[in-house]
Amino acid sequence: MQEYLSAVRVLDAVINDGKSLDAQFKATDSPLSKQISYGVVRDYFHLSEIVRQVVKKPLAGKNAELHLLLLAGLYSVDNLNRPAHASVNAVVNAAHGLKLGWAKGLVNAVLRNYLRNQQTINASLGDNLEARLNHPDWLIQRIRSAWPAQFAAVIAANNARPPMTLRVNQQHMTTQAYLDLLTAIDIKAHTGTFADSALYLAAPANVALLPEFARGYASVQDEASQLVAALLAPLEGMRVLDACAAPGGKTCHLLESFPGIKLTALDFEAARLRVVEENLQRIGLQADCVAADLLTYAATQPYERILLDAPCSATGIIRRHPDIKLLRRNSDIDKLAATQLALLHAAWRLLAPGGILVYSTCSILPTENEQVLEKFFVAVPEAILMPIEASWGYPLTYGRQLLPDQQAHDGFYYARIAKAIAS
Ligand SMILES: C[S@@+](CC[C@H](N)C(=O)[O-])C[C@H]1O[C@@H](n2cnc3c(N)ncnc32)[C@H](O)[C@@H]1O
């Protein structure tokens, strides 16, 4: 029952108060309560429609907690590794714990009604696109119009549970050697397809169990993010700016891959920058960490390489952060694109003649990717678009897009821009 009390607290913060899912968990929350919370957020549109059909009256206002408990119950009877009736009993008891004792009969009846008529109820959701695809309508429209041929696969990947992916620190050992270490302790994994340093675990594992994790032999990072460092390809001794660095995944990968560079890790959120410092410390790497706004940052000298991993809608990583489907609004996308363009101009001003800038996002929406680049090239005609020759993703007029793959990498966008020596 405790798992439902925790889950309702977390779901209330996310669904009713618009807070981020990851940030809601306490050390005392069990893995089961996390599974229920993530599951409800992932299946929110589907589960809400079932509640609407079965309860037939709105459960808002003072009944908001009852609504959340029913969502958690419906998720549990279909998805937990225990008999459905055990979940029903635990949810009914939780009603009592939430001071919803008066609703115990209703909770019991709704869940048992669902179990009896599951097939009919699920079949009747077919007409409701949001419920069937488990995405908000605005996002369905945007993904369909951007990626008509890949639409079904993208939706399926977004609704799947993500793999846990590692980046092996090549300064210590090869990816194969680390895979052998994992195999020796019975952790099953396989290598990535596109990034040399990537390993996919067959099942998520506690990082404390991973060989030499505390000494930085491996880090958790999706394969799509691991493709960025090679696109920047800084040379020995170069001044490199990681212009939106926190929490530092790409900062660390750049330093692991190119140990001779002088790297500045910049971010305007001081608390997030501290996470960059912790990551650098764990792995034993060094960077100059600067808490500043890129829009006004004045460097003493220009940089020969700049990575702008811009803030974005995160629509390429929905399976890792399913709350994006609830927290983002359609109106956010144009605002994000305006910010991204302003950040790109700010980064460009800091780039040395002859330098290279990589723009990346974990978005799959053209408004934040190709269209930002298009506007930039109209405003800065002397900028040079550099090709990205790769065996992965979709080549675009501006840049290259990777879409989320159910079994493998996240969705990500990449573009490379050079500044002429004489400009
Ligand atoms: C997508 S995240 C970066 C992820 C990071 N590159 C990594 O691989 O771990 C974007 C970051 O940009 C930062 N940011 C957003 N606007 C900024 C600005 N004007 N100046 C500096 N940092 C900014 C945010 O605080 C956030 O940490």
In whole percent, and with a 1.4 Å probe on the protein chains, what portion of the accessible area of the stretch 225-418 is carbon and sulfur? 52
Shape verdict for the chain, please, from the Cα gyration tensor: rounded (a/c under 1.5), prolate (a/b greater than b/c) or oblate. prolate
With no solvent and one point on each alpha carbon, what is the Debye value of log10 I(q)/I(0) for the stretch 164-220 at q = 0.12, 0.24 Å⁻¹? -0.21, -0.92
Could you look at the stretch 2-133 and say what percent of its accessible area is carbon and sulfur, using a 1.4 Å probe and all protein chains? 50
Can you tell me the relative contact order of the chain? Whole percent, Cα pairs under 8 Å, sequence separation 6 or more. 13
Extending each Cα 7 Å along its Cβ direction at residue 394 and residue 102, get the distance between those two points in nm, one decimal. 5.2
Kindly work out what percent of the DSSP beta bridges joining two residues of the stretch 225-418 are antiparallel, to the nearest 5. 45
In Å, the C-alpha Rg and Dmax of the stretch 2-133 are 13.7, 41
Share, in percent, of DSSP beta bridges within the chain that are antiparallel, nearest 5: 60
Treat every Asp and Glu Cβ in the chain as -1 and every Lys and Arg Cβ as +1, leave all other atoms uncharged, and give the resulting dipole magnitude about the Cα centre to the nearest 20 debye. 1300
Express in nm, to one decimal, how much length is gained between residue 186 and residue 296 on full extension, taking 0.36 nm for each residue of separation and deducting their alpha carbon distance. 34.6 nm
Accessible area, 1.4 Å probe, largest first: how do 65, 368 sort? 65, 368
For the chain, list the DSSP H helices whose alpha carbon atoms reach 24 Å or more along the long axis and whose average Kyte-Doolittle value is -1.0 or above? 330-349
Using Cα pairs under 8 angstrom and six or more residues apart, how large is the relative contact order of the stretch 225-279, in percent? 41
With respect to the cross-link table entries 34/188; 19/104; 62/104; 56/104, which display a Cα-Cα separation exceeding 19 Å? 34/188; 19/104
For the pairs 335/375; 26/250; 26/335, flag any whose C-alpha to C-alpha distance is greater than 22 Å. 26/250; 26/335
Using alpha-carbon pairs under 8 Å, 6+ residues apart, how would you state the relative contact order of the stretch 225-418 in percent? 20
Accessible-area ranking of 144, 328, 161, largest first, probe 1.4 Å: 161, 144, 328
Using only DSSP helix segments of four residues or longer, with each worth -39500 (n - 2.57), what per-residue ellipticity at 222 nm results for the chain after dividing by its residue count and rounding to 500? -12500 deg cm²/dmol
Accessible area, 1.4 Å probe, largest first: how do 138, 147, 102 sort? 102, 138, 147
Between 92, 154, 380, where does the largest GNM mean-square fluctuation fall for the chain, given springs only between Cα atoms within less than 10 Å? 380
If I ignore ligands, DNA and RNA and count only protein heavy atoms, how much of residue 332 is accessible to a 1.4 Å probe, in Å² to the nearest 10? 40
What accessible area per residue, rounded to a whole number of Å², is obtained for the stretch 225-418 using a probe radius of 1.4 Å? 39
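The values are calculated or read from the model by the stated rules, or taken from the named source; none is laboratory data. No experiment lies behind these values; they were computed from the predicted model shown. In this analysis, Cβ positions are derived from the backbone assuming ideal geometry, glycine residues included, and neighbour counts consider all displayed protein chains. When the accessible area is computed, the model is the full protein with side chains, heavy atoms only, and any ligands, DNA or RNA have been set aside. Shrake-Rupley method; radii C 1.70, N 1.55, O 1.52, S 1.80 Å.
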